[in-house]
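Below you'll find the structure, written out as structure tokens, and then a few comments.
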Amino acid sequence: MTSQTLAETLDSRSLTSSVVGTRQTKDIFFLVGLWLALLIAFGTLITLLIDTFVTARSRLNTDFLTAFPSPFPEDTGIQAAFFGSLWVVVPAGLVSLFVAVCTAVFLEEFVKQDSRFAGFVSLNIQTLAGVPSIVFGILGLAFVARGALAWGFTIRTASVVLGMMILPIMIVSSREAIRAVPSSLREGAYALGSTRWQCIRRQVLPAAIPGIATGSILGISRALGESAPLIMLGALAYVSSNPAGFSDYYTVLPLAIFKYATEAQVEFQYAAAAAIVVLLVLMLALNLLAIIIRDRSRKSW
Amino acid sequence: MKLVHGEKKSSLVAKIVVAAIFVPLIVGSFASGASAAVKSGDNCKRRDLFRLEKITNPKTKSVTWVRCMVSTGSSLHAEKPKFSYQRVALRQADYRTTTTKTEIRMDGSSTVYPLMAVAAKYFYSTTNGLGKISIGLSGTGGGFEKFCKGETDMSNASRAISTTEIAACAAKGITYTEVLVANDGLAVVVNPSNPLKCIKMTELKEMWKPATGTSGVGSAKTWGAAIAGNTLGDLKLYGAGSDSGTFDSFNTFVHAKSTTSRTDYQATENDNVTVQGVAADKTALGYYGLSYAIENASKNKALQLDKGAGCVEANNANVQNGTYAMSRPLYVYVKNTAKEIGNIKKFLTFYLDNAQRIGDDALFVPLTAAQVGVAKAKVASL
């Protein structure tokens, strides 16, 4: 029996070491796999960025930024599209921000969290946040551009529809931000005799600003890069001037890129790349702004 | 408040980034507005093409006009065109003195778009920024849908208005005038290495017709099946997507019905896809506008067409005189009761006075003198 046990022990030892061996190999394979995934994702991105910047280099100058659209690739520019984007996105962002914060405050502070109503509204908002943007475009075409409001294919139509599109995202992020404010802050305020409104106005909202700002700027970035609903809403291919009011016609940066990219003449591809760089820089600037706001007003409890 | 390390740095970067975007824009928009006094022969920039400037002689107070034009070579499409101000006699069509601001909105065919974009650009320069025109790209059918709902004043079309569209316009009480603005030819193209030079319309019909009893799949799988004795092998087809006016026109030319076409081909709204596809494939055949064919002559070879009376070369002259089998007129439709009708008349008069120049620059086949005459009479009656 003793010899058998010894043999068994030896056997089991070698077995153990071989198991450890395969486990370590698996570990290494897993690590290599992770690096490979990172490389593929990052490599593709870097390649795309470098390619775009190199292609864009010849057109990235003040002439391109200040020129208006043109049927000739040499003197085309994006001023109208740039200001069109600002005219559409800035009001959309501001109005949705206001509505989103009000909704979030109401849902977080005034409605019982476990009530049926709260559950119903939350479910709807989350569903809306996942609706494809083209659906908002069709909705806008039927009810804002035509139908009930009949605003036509103007800046205010586009602004309202983009506002509706980013509203659910903003509500969700604002709610998260408000929920993250510790309840001790509220209890302290109430203990000192403040009313509900004073508590929200002076304690909860200031504490939630970083989260709200980050969420809404990301929402605005999305609106800035959106093209599908605006195609439905008649964003134009050729506009010879900057918009001067909310009932003007418009074009936006993503559509300018789309138009350039689908032109037959090869020279337009350089303009497309340059417009992409401008849009990227604009988006990066917005994201940077979000980071700065978050860092400036970050508090630790 | 917790200070985060590196905060100063990030805000500086943000300022630089924002400044890099906005400063050139703001500076540029001021700089472009101011123009110094010019005289005949001065150089101008491409973006000022067609711009009119007034020159007043300080002694005699007499007024002359100069216009920014192409000064080297005859064409805008020369290798490196140069631009300079040249003396012009002010015509009725030059609306440098227009006092009312124009905001004309048009929509419609992507085929007519380049033509109207060139016209809009020149009109904008000529009116020194008063004549603003915006152009949409909904396609001929989409353009008419908006036009007959009263949402646009002008509709660009690569075919005449259809009976259903006429009914839609009539239902909304919209009356309109059709104006011929250019001639367009469709080109049938093959790879430059393809030995074929000329193709009969009947052969094209055989090539593109859907087989009976199938759901639109074509019967001709090889070149030999459509063209007797051809040994090139497999047939690879490229064409326009079913939403485009080019698709309608091609089918009308080939099958005499705008919706008849086989469906098993590479369909695209972007003619450049066809150019690249045919350039890469020796056995491919495709079609698109003649303007594209002229521009891409090095990559694709345009075939001569034979509608029964011999092979006819695909060129401007044959499109204008109608001997080429696939030539089509391009129209704009103007709403008679448009609020801006006065300015639309000015724009169209400007267009027709400069139809040759605009057609050339937009790579279209310009109108003949007789066609301009007819169109002018129509515009005058608006």
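The values are calculated or read from the model by the stated rules, or taken from the named source; none is laboratory data. What you are looking at is a predicted structure, and each value in this text was computed from that prediction instead of being measured. We place every Cβ from the backbone using ideal geometry, glycine too, and count neighbours over all the protein chains shown.
Give the residues of the stretch A:127-178 that are part of a loop (DSSP other than H, G, I, E, B) and under 18 Å from A:Tyr249 (Cα atoms), sorted by residue number.
Here is the first cut: in the stretch A:127-178, the residues part of a loop (DSSP other than H, G, I, E, B) are A:130-132, A:146-154.
Scanning the stretch A:127-178 gives A:Arg146, A:Leu149, A:Ala150, A:Trp151, A:Gly152, A:Phe153, A:Thr154.
Of everything listed in (1) closer than 22 Å to A:Leu162 by Cα; (2) facing chain B (nearest Cβ under 7 Å); (3) of a type in the set (A, V, I, L, M, F, W, C), the single unmet condition for A:Ile291 is (1). Within the stretch B:106-157, the only residue that satisfies the criterion of being among the aliphatic types (A, V, I, L, M), more than 9 Å from chain A (Cβ to nearest Cβ) and surrounded by fewer than 24 Cβ atoms within 10 Å (Cβ to Cβ) is B:Leu130. Within the stretch B:299-321, the set of residues being within 10 Å of B:Asn191 (Cα to Cα) and either surrounded by fewer than 18 Cβ atoms within 10 Å (Cβ to Cβ) or of a type in the set (Val, Ile, Thr) (or both) comprises just one member, B:Lys299.
Go through A:Glu187, A:Glu108 for me and flag whichever is among the acidic types (Asp, Glu), in a helix (DSSP H, G or I) and either at pLDDT below 90 or surrounded by fewer than 16 Cβ atoms within 10 Å (Cβ to Cβ) (or both).
Working: A:Glu108 fails: either at pLDDT below 90 or surrounded by fewer than 16 Cβ atoms within 10 Å (Cβ to Cβ) (or both).
Result: A:Glu187 is the single residue among A:Glu187, A:Glu108 that is among the acidic types (Asp, Glu), in a helix (DSSP H, G or I) and either at pLDDT below 90 or surrounded by fewer than 16 Cβ atoms within 10 Å (Cβ to Cβ) (or both).
Based on this model, can you work out whether B:Ile174 counts as farther than 25 Å from B:Lys257 by Cβ, β-branched (Val, Ile, Thr) and in contact with a Gly (Cβ under 9 Å, 6 or more places away or on another chain)? Walk me through how you get there before you give the answer.
Values: farther than 25 Å from B:Lys257 by Cβ: yes; β-branched (Val, Ile, Thr): yes; in contact with a Gly (Cβ under 9 Å, 6 or more places away or on another chain): yes.
So B:Ile174 fits the description; yes.
Residues that are touching a helix residue (DSSP H, G or I) at 6+ places or on another chain (Cβ under 9 Å) and away from chain A (no Cβ under 14 Å): list the helices (runs of 4 or more DSSP H) wholly contained in the stretch B:193-300 that include at least 3 such residues.
Counting at least 3 such residues, we get B:201-208, B:223-226, B:245-255.
Within the bounds of the stretch B:96-105, is there any residue that is at pLDDT 85 or above and either within 21 Å of the chain's Cα centre (by Cα) or not assigned by TED's automatic domain parsing to the domain that holds B:Ser242 (or both)? There is at least one residue in the stretch B:96-105 that is at pLDDT 85 or above and either within 21 Å of the chain's Cα centre (by Cα) or not assigned by TED's automatic domain parsing to the domain that holds B:Ser242 (or both).
Keeping to the stretch A:217-272, report how many residues are closer than 18 Å to B:Glu151 by Cα, outside any helix (DSSP H, G or I) and facing another protein chain (nearest Cβ under 10 Å). Count: 10. Would you tally the residues in the stretch A:43-80 being more than 13 Å from chain B (Cβ to nearest Cβ) and among the polar types (S, T, N, Q)? The number of residues fulfilling the criteria is 5. Look at (1) modelled with pLDDT under 80; (2) away from chain A (no Cβ under 14 Å); (3) surrounded by 18 or more Cβ atoms within 10 Å (Cβ to Cβ) and you find that B:Leu76 fails only one, number (2). Of the listed requirements (1) at pLDDT below 90; (2) crowded, with 18+ Cβ neighbours inside 10 Å, A:Arg296 misses just one: (2). Residue check: is B:Gln356 in contact with a Pro (Cβ under 6 Å, 6 or more places away or on another chain) and assigned to a helix (DSSP H, G or I)? Judged against the criteria, B:Gln356 is a match.
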